[in-house]
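Single-structure report; data block below.
Quick note: the coordinates plus some simple rules give every number you see, no bench work behind them. Just so you know, these numbers come straight off a predicted model, no measurement behind them. Note: ideal-geometry Cβ built from the backbone for every residue, glycine included; neighbour counts use all protein chains shown.
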Amino acid sequence: MRWAFLRSIFKRKWAKPSIIFFFLLTPILLSLLLWAVFSPGRKFQPLKMAVINEDQGIASRIVLSFLSSPKAKKWIEITEADREQAFKRLRENKISAIMVFPRNFTENYVQGKTTTIKLIKNPAQRIYPEVAATLMLGFEKILNFLRAYYDEEFSALSRGEVVSGEFLKGTLQKTEELFRSIASFPFKIREEREEKKRLSRAIFFLSGLGYFFMLFFSNASITSMVGTRERQVQKRLFVSGISPFQYSLAYHLSSIAFVFLLELALAAAGWLLFRPQNGNPLTLLVIFLLFSVGSVSFFGVMAGIIGDEKKVNNLSSFFIFLFAILGGSFLPLSALPQTLRKLSFLSLIHPFNQATLRVMMGKEASGFLLHGFILSAALFFLSLYLNERNLRLK
Amino acid sequence: MLEVRDLEKSYGEREALRGISFQVREGEIFGLLGPNGAGKTTAVSIIATLLRPDSGRVLYEGRDVFSNLKWWRRKIGFVPQEMAFYEELSAMENMLLWASFYGLGRKEARRRSAEILEVLELSHRAKDRVSTFSGGMKRRLNLALGIIHNPEFLILDEPTVGIDVQARVYIREFLRELASRGTSMLYTTHQLEEAQQLCHRVAIMDAGEILVEGKVEELLKKAEENITIVLRGDFPPMETLRPSLEKFSGKILSFSGEKVALEVENEGAVAGLIKEMLEAGISLREVDIKKPDLEALFLKLTGRELRE
Ligand SMILES: Nc1ncnc2c1ncn2[C@@H]1O[C@H](COP(=O)(O)OP(=O)(O)O)[C@@H](O)[C@H]1O
Ligand SMILES: [Mg+2]
């Protein structure tokens, strides 16, 4: 290997840092923008529930009094209703769940038997019924705690004895305390869910756009090999004893290293901005490396076949956009028409983008990795061969 | 000694070289002089082993250069017609890169690079990116890169094209100095003056052929043998004019309705011819009596003028 040569042509590639910076910044800015656009700007809808209270005892009253307190009213809307009304509203998708206090709820509670609030979820909704379910769980926990805490008093109550006002006051105070902690809980849920969605969207865009922009770098980097100026230099290089193979290899390697480093820079920026929870860095490095090899070699093959930088560049932009569309750079694959989705395997971006997204979601990506590996290796050797052959003494 | 034998080369249908032969002796500056498109670059590219000839051979010290590629490439320095270096790197970085190809050690490479850049007056800009250089500076760097390894045979393809007179003179001096220390050179140019001043021997090329070859003094003598003149005006057909032309001249070199190139024996004949033409009612706009130089020789040989 001619290290001095490799080093020199690698160094050349950084001659215009401002252009490189701009091209790197664009996908980052775009994904940041999209991240902001998709942020939950719209108002949070309160959780709407109907309550069927067949109990009408003290235990259900404790819960309901909390639910109609001003603090809770900010995020929860309950209406007491009879069975018929409640189910009608559920069918009409006007509420997310129905809360049922069974007939002997208080009785069981006071006696220390297990008590459950029944919840009927609206199957047409996804998040709110789950929030309601978690909420119910919280209520039950609090009620059970209170029951255990005032065991003596409750037992006395169940025996029909008179209890002190002190006990009632204490119960209410404790209840208030405990419910306060619940009041902020659905907001946390909401934020977490929204945040996750936003994050995965941002990562989706950064990955897709990143690969899209990297194709431009790959193209520019390798096709300069068949540019007019480079051809002049080649003459002198060959006379100076560099073989076409050494030349071709060094040109490929320096371009690959260049694209790989840019890819790393982009990924590092994305990592800092979005701080994803998943994504094995080592797997990501492998994906980036394979992509650098594949994309540089793809345009290398074009250069090897066409042999003229300008002509290659004209065709390249077409391929870059095609790859980006089919590879899910602009829209998720699921949003593409069926026919296009079937063609996505033709895209150079596809296996790498999918692998990246899967890794970021904590999923397995070996299928796409293998696809990418085979593609990149094949393109690399083909490009190396074609370009070396073109440069041989004729 | 470099020996070029019957080189032929075609690009598709176009014959760029139609069998050229010449020799370059040790320590000699040999000039290939010819107009654009004569085939100089093609010839030089073959000799530098960048192109294979269709037929013919190139021998150095009796060995075929294509059969001894590595050996030959170590011996030559090559200065291509176009700028051949990396503009994004500095002059020094370019020098060190090429030095590395010839296995020069780090120290030796630095020393030689600095020395050459100094001589070619580039050392004050050695660390600047070459893309910021002027045309003349780039030309000098192009030359510098060809001699980093002190080659025993230097091939230069129009190394002074497109630069100012001062820089041209400077490069010429430099090459002469190099030759005096034993470097042989093959030098192409389309500028007769340059060939005349720099080269020991010259071959004049046109359309892929060598028209004449020899020492510069000998060629100049040939140019002096007769007077070459170019007349411009409105001429009647060749047949009407021929008797009077032939009365005074040895040879018609070329003829068109507006321009006639002639070779005549002496100045008296020039005067007589012009007088007769004017008497015949021919309107003459210009009479150009050529200096006896390589340009006149080229005109004699081809009927065309070698223009810069
Ligand atoms: N790569 C090429 N393909 C086709 N024709 C060429 C090529 N290079 C040179 N020629 C033609 O060959 C002839 C000789 O060119 P060249 O050797 O460059 O002449 P010179 O260097 O004397 O100007 C010209 O007619 C030129 O157009
Ligand atoms: Mg030329």
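Take peptide B:94-104, look around each residue's Cβ out to 10 angstrom, count Cβ atoms belonging to other protein chains, and average those counts.
Mean shielding count: 4.
When you look at the Cβ of every residue in B:68-76, what mean number of other chain Cβ atoms sits within 10 Å?
Counting Cβ atoms of other protein chains within 10 Å of each residue's Cβ and averaging gives 2.
To the nearest 10 degrees, how steep is helix B:267-279 against the longest Cα principal axis of chain B, on a 0 to 90 scale?
The two axes meet at around 50 degrees.
How are the Cα pair distances of the range A:47-163 distributed, in percent, across 10 Å bins from 0?
Whole-percent P(r) values from 0 Å outward: 13, 44, 30, 11, 2.
Rg over Rh of chain B, using C-alpha atoms and the Kirkwood radius, what does it come to? Please list the in-between numbers first.
Values: Rg = 22.9 Å, Rh = 21.4 Å.
With Rg and the Kirkwood Rh in hand, the quotient comes to 1.07.
Under the definition of partner shielding as Cβ atoms of other protein chains within 10 Å of a residue Cβ, what is the mean value for peptide B:78-90?
Details: counts 5, 2, 5, 2, 7, 4, 11, 4, 8, 4, 8, 5, 0.
Per residue, the average neighbour count from other chains is 5.
Treat the count of other C-beta atoms within 10 Å as a stand-in for reagent exposure and order A:THR115, A:THR175, A:THR26 from fewest to most.
Final ranking by Cβ density, sparse to dense: A:THR26, A:THR175, A:THR115.
Would you list A:PHE381, A:PHE352 from fewest to most Cβ contacts within 10 Å?
Fewest to most other Cβ atoms nearby, the residues stand as A:PHE381, A:PHE352.
Relative contact order, percent, of chain A when contacts are C-alpha pairs under 8 Å separated by at least 6 residues? If you can, show how the numbers build up before the last one.
On the way: 476 pairs, mean separation 69.3, N = 394.
The value is 18 percent.
On a full-extension model of 0.36 nm per residue, what is the gain between B:LYS247 and B:SER67, subtracting their alpha-carbon distance, rounded to one decimal in nm? Mind showing how you got there, number by number?
Details: separation 180, 0.36 × 180 = 64.80 nm, distance 5.69 nm.
Roughly 59.1 nm would be gained on extension.
If we count other beta carbons within 10 Å of each Cβ, what is the order of B:HIS190, A:HIS350, B:HIS124, fewest first?
Working: B:HIS190 20, A:HIS350 23, B:HIS124 9.
The order, fewest Cβ neighbours first, is B:HIS124, B:HIS190, A:HIS350.
Percent relative contact order of the range A:47-163, based on C-alpha pairs within less than 8 angstrom and at least six residues apart?
Details: 159 pairs, mean separation 32.6, N = 117.
For the range A:47-163, the relative contact order is 28 percent.
Of A:GLN277, B:SER67, B:ILE282, which is farthest along the charge dipole of the protein assembly as shown in the positive direction, counting Lys and Arg as +1 and Asp and Glu as -1 at C-beta?
A:GLN277
Using DSSP H assignments, which helices in chain A have an axial alpha-carbon span of 24 Å or above and a mean Kyte-Doolittle hydropathy of -0.5 or higher?
Counting only whole DSSP H runs, the qualifying helices are A:17-37, A:127-149, A:165-183, A:185-223, A:244-274, A:281-306, A:309-326, A:366-391.
Report the calculated FRET efficiency for A:THR134 and A:LEU29 (r = Cβ-Cβ distance, R0 = 56 Å), to the nearest 0.05.
Efficiency for this residue pair is about 0.90.
Given R₀ = 60 Å, FRET efficiency for B:LYS275-B:GLU13 by Cβ-Cβ distance, to 0.05?
Calculated value: 0.80.
With each label point set 7 Å from Cα along the Cα-Cβ vector, what nm distance links A:ASP82 and B:HIS200?
Between A:ASP82 and B:HIS200, the simple spin-label model gives 12.5 nm.
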